[in-house]
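K.L.:
What follows is a structure written as structure tokens; I'll ask about it next.
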Protein chains: 2
Amino acid sequence: MAMDNKGWNASQLRNCDLQFDEIPRLHHNDPKVDELMSENKPVVVLGSNLAKSAEKWDLDYLERHMGESDFTVFQSKSHKFKYYDDKKVTSGDGFVPPTKKLDMKLPEFIKRLRAWKKGEDRLYLQQGLNNTVGPAIVHDFLNFDWNFCTGKQSKHNWGSLTSNLMLIGMEGNVTPCHYDEQENLFAQVHGFKRCILFPPDQFECLYPHPVHHPHDRQSMVDFDRPDYNKFPKFRQAKGFETVVGPGEVLYIPMYWWHHVESLMQGSYTVSVNFWYKGGPVSVSYPLKGHQKVAVMRNVEKMLLDVLQDPKEIPVLLRAMVLGRYTE
Amino acid sequence: MAMDNKGWNASQLRNCDLQFDEIPRLHHNDPKVDELMSENKPVVVLGSNLAKSAEKWDLDYLERHMGESDFTVFQSKSHKFKYYDDKKVTSGDGFVPPTKKLDMKLPEFIKRLRAWKKGEDRLYLQQGLNNTVGPAIVHDFLNFDWNFCTGKQSKHNWGSLTSNLMLIGMEGNVTPCHYDEQENLFAQVHGFKRCILFPPDQFECLYPHPVHHPHDRQSMVDFDRPDYNKFPKFRQAKGFETVVGPGEVLYIPMYWWHHVESLMQGSYTVSVNFWYKGGPVSVSYPLKGHQKVAVMRNVEKMLLDVLQDPKEIPVLLRAMVLGRYTE
Ligand SMILES: [Zn+2]
Ligand SMILES: [Zn+2]
């Protein structure tokens, strides 16, 4: 397979109808890094040591050190691993979970990952870094460059660190487009991931599921085969992309949409998320895109509270909007 | 002019594309009156003495007794008197008031009413009954059958009486379709008025202006020439109608839509509104139509509070609804 000196080539990227601008890729000393972060704009930070102690986290090392605990593994019949919230599944709503959540020991996961052939169910390990991961991994975790992320946290007024998630994915796995309600430093450890990001003000181009739906915060648009009749504004979505490799850290600002794919015909991927609560909210007008998203979420939550029945929400919203607030 | 024994005939009604059921017309002793009122359904009450003391309020009597105070009179170039809220007019929003609010003494008003010819500006007196109306009118007011309305108030758990409005209209004047946030006993005193009512759950067929618009609570649909492209569901609006004459009282439940027209080629009309606050709200599910209207009003008010700019509301609502909550 032809590779250029980046370690990957364009044929490994999935097809997408949209075209993207590049997310800036800057050296960790570059003052523009903090400029972008303070504007809540994504940036790839190069040359930091944030997850340097995890450089050695290949499958052999992990198998040797992560022990016999059960870890959370998702299984999917397709390449897509669309997250869903168990707590929002209600009996009789007809929701079919697109993935299966399994408890699996690491040796079993790695065996299946190595033996995997095209057409078989795919796996994606997504495990919080806690004391079940074994002393060697905890040691590496403690040796992350905490100065780096704590510095960003205080400089940009983020809230507390809430969790670190370790992700081990098969080549070609896709986390479909969604947004999170936290700030994220996304450290790539092994293999390459393509990340496509959209600002919060692209809400109307990305059509998130209703807030009370198990796929809350996920786009309803299938990036592989967008239904332009249902989602006409998706054509106008303006996104940014990058491919992150080992040692690189992508800042995914809170409420920014992100689609993440492990490159096809590449290796498995290992990544670690650093999730921080958002900072205190200062309100100035006009509201920023992410603040409007928060407003919309609150309206939808309030409507569920007051109507009690999710089926009544679309009826009420259509009555409120169609012909009155449409052009 | 041919009249049947009701005192009016169908040719005096304005054309409307819709067909209506009849609002029940019941004797004040009929127990069904209170059944309907307790279900928040409209009813015409016959034979009560609510405004019997106002039977003699013709133009001559009013001119003799209402004195030289200034009263509120609206002037309109068309037959429509669409209410607007001064406090919601903001500079630069391009709003053109459809009527002019004047202070006018009663003799001047009556002179112009009597001299009026087709094609000239129309007038509509709408004056709260207070101590400016002169001792004779106050005397008649005190002789209203307060037992009747206070009985309804306590039986149906209404809040306090907030005001009595006296209306003196020219033949053919129209108060376009709107709803009020109060219970209304509408006592007809002189002449005939056609009242078309729609239940609160017809909200989506009647397309009210945004809550922050000066025409808040008014339908955007022009009943004379409905724009079915903009307001397609108006065709499906299911309304009820009646014509009220002297001595008859129409109960207009809170949040019910109403269009009121003084019959064409009839006489001037005199009416008195008794407005009561709504009762304490008991919530049971599913919510009733009028409770959903209140929810929608609160969402729109909250959005204006938080966005500060009315122009941003449609943008946000469209992003929230189109493609996500539409079919
Ligand atoms: Zn995410
Ligand atoms: Zn009214």
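K.L.:
In deg cm²/dmol, rounded to 500, what helix-only [θ] at 222 nm does chain A give when every DSSP H run of at least 4 residues adds -39500 (n - 2.57) and the total is split over its residues? All intermediate terms of the calculation are to be shown ahead of the outcome.
P.N.:
Working: 8 runs with 75 residues, N = 327.
It lands at -6500 deg cm²/dmol.
K.L.:
To continue, here is another question. How long are the three semi-axes of the equivalent ellipsoid of the protein assembly as shown, in whole Å, if each is the root of 5 times an eigenvalue of the C-alpha gyration tensor, listed from largest down? Intermediate results must be reported in sequence, preceding the final value.
P.N.:
Values: eigenvalues 935, 113, 92 Å².
For the protein assembly as shown, the ellipsoid semi-axes come out as 68, 24, 22 Å.
K.L.:
Report, for residue A:143, each distance to the same residue's label point in the other copies, shortest first and in nm; define the point 7 Å along Cα→Cβ.
P.N.:
Nearest first, the other copies' label points are 10.2 nm away.
K.L.:
Run through the other copies and list how far each one's label point is from that of residue A:32, in nm with one decimal, shortest first; the point sits 7 Å from Cα along Cα-Cβ.
P.N.:
Going from nearest to farthest copy, the values are 8.0 nm.
K.L.:
If you take every residue apart from residue A:76 with its C-beta less than 10 Å away from the C-beta of residue A:76, what net charge results, scoring Lys and Arg +1 and Asp and Glu -1? Kindly include the intermediate steps, with their values, before the conclusion.
P.N.:
Values: positive: A:77, A:80, A:82, A:100, A:122; negative: A:121.
My count for the surroundings of residue A:76 gives +4.
K.L.:
HN-Hα J couplings of segment A:157-165 from phi, Karplus 6.51/-1.76/1.60, θ = phi - 60°, integer Hz, Gly and Pro as x?
P.N.:
Using θ = phi - 60°, the values come out as 6, 6, x, 6, 5, 9, 5, 10, 10 Hz.
K.L.:
By per-residue mean of other Cβ atoms within 10 Å, what is the highest-first order of B:89-96, B:273-280? Please report the intermediate quantities before stating the final value.
P.N.:
Working: B:89-96: 9.2, B:273-280: 17.4.
So the peptides B:89-96, B:273-280, ranked by packing, come out B:273-280, B:89-96.
K.L.:
Pull out the extension gain between residue A:235 and residue A:91, defined as 0.36 nm times the separation in residues minus the alpha carbon to alpha carbon distance; nm, one decimal. Can you show the working numbers first?
P.N.:
On the way: separation 144, 0.36 × 144 = 51.84 nm, distance 3.51 nm.
My answer for the length gained is 48.3 nm.
K.L.:
Would you please give the residues with an amide H less than 5 Å from that of residue A:158, counting only those at least 5 places away or on a separate chain, with H modeled from the backbone geometry?
P.N.:
none
K.L.:
When ranked by the protection proxy of mean other Cβ atoms within 10 Å per residue, highest first, what sequence do the peptides B:44-52, A:257-265 form? Mind showing how you got there, number by number?
P.N.:
Numbers: B:44-52: 19.9, A:257-265: 22.0.
Ranking, from highest mean packing down: A:257-265, B:44-52.
K.L.:
Moving on to the next point. Which entries of B:152/B:288; A:52/A:193; A:80/A:193; A:152/A:193; A:77/A:238; A:292/B:301 have Cα-Cα distances beyond 19 Å here?
P.N.:
On the way: B:152/B:288 21 Å; A:52/A:193 17 Å; A:80/A:193 14 Å; A:152/A:193 23 Å; A:77/A:238 30 Å; A:292/B:301 15 Å.
Beyond 19 Å between Cα atoms: B:152/B:288; A:152/A:193; A:77/A:238.
K.L.:
Please work out which residue of chain B brings its Cβ closest to the axis of the rotation superposing B onto A, and round that distance to whole Å.
P.N.:
B:321, 2
K.L.:
What would the Debye formula give as log10 I(q)/I(0) at q = 0.07, 0.13, 0.16 Å⁻¹ for the alpha-carbon point model of chain B, no solvent?
P.N.:
Evaluating at q = 0.07, 0.13, 0.16 Å⁻¹ gives log10 I(q)/I(0) of -0.30, -1.06, -1.58.
K.L.:
Further question on the same structure: Under a point-charge model restricted to the Cβ atoms of Lys and Arg (+1) and Asp and Glu (-1), what is the dipole moment magnitude of the protein assembly as shown relative to its Cα centre, in debye to the nearest 20? Don't jump to the answer; show the numbers that get you there.
P.N.:
On the way: 80 positive and 82 negative charges, 136 e Å.
I would put it at about 660 debye.
K.L.:
Within the set of other residues whose C-beta is less than 11 Å from the C-beta of residue B:249, count the net charge using Lys and Arg as +1 and Asp and Glu as -1. Numbers along the way, then the final one.
P.N.:
On the way: positive: B:25, B:52, B:152; negative: B:145, B:248.
Neighbour charge sum, excluding residue B:249 itself: +1.
K.L.:
Grab the other residues whose beta carbon is less than 11 angstrom from that of residue B:64, score K and R as +1, D and E as -1, and report the net. Intermediate results must be reported in sequence, preceding the final value.
P.N.:
Working: positive: B:56; negative: B:58, B:60, B:63.
Here the count lands on -2.
K.L.:
Nm distances between the label at residue B:302 and the same-position labels in the remaining copies, 7 Å along Cα→Cβ, shortest first?
P.N.:
Between copies, matching label points for residue B:302 lie 0.3 nm apart.
K.L.:
Just tell me how shielded A:249-260 is by partners: mean number of partner chain Cβ atoms within 10 Å of each residue's Cβ, no decimals. Display every interim value, and only then the final one.
P.N.:
Details: counts 0, 0, 0, 0, 0, 0, 0, 0, 0, 0, 0, 0.
Whole-number average of other-chain Cβ neighbours for A:249-260 is 0.
K.L.:
At a Förster radius of 35 Å, what calculated FRET efficiency corresponds to the Cβ-Cβ distance of residue A:311 and residue A:116, to the nearest 0.05? Can you show the working numbers first?
P.N.:
Details: r = 40 Å, r/R0 = 1.15.
After rounding, the FRET efficiency stands at 0.30.
K.L.:
Continuing with the same structure: Go through A:75-83, A:24-32 and give me the packing order, highest mean Cβ count within 10 Å leading. Could you put the intermediate results ahead of the total?
P.N.:
Values: A:75-83: 17.1, A:24-32: 13.2.
Per-residue mean Cβ counts within 10 Å order the peptides as A:75-83, A:24-32.
K.L.:
What does the structure give for B:310-320 when I average, per residue, the other chain Cβ atoms found within 10 Å of the residue Cβ?
P.N.:
Numbers: counts 0, 1, 5, 1, 5, 3, 9, 9, 7, 12, 16.
Per-residue shielding by partner chains comes out at 6.
K.L.:
Could you check the simple spin-label distance between residue A:14 and residue B:38, using points 7 Å along Cα→Cβ, in nm with one decimal?
P.N.:
So the label points at residue A:14 and residue B:38 sit 6.1 nm apart.
Values in this text are rule-based calculations from the coordinates and carry no lab data. This is a predicted model, so every value here is computed, not measured. With ideal geometry, Cβ positions are generated from the backbone for all residues, glycine too; neighbour counts draw on all protein chains shown.
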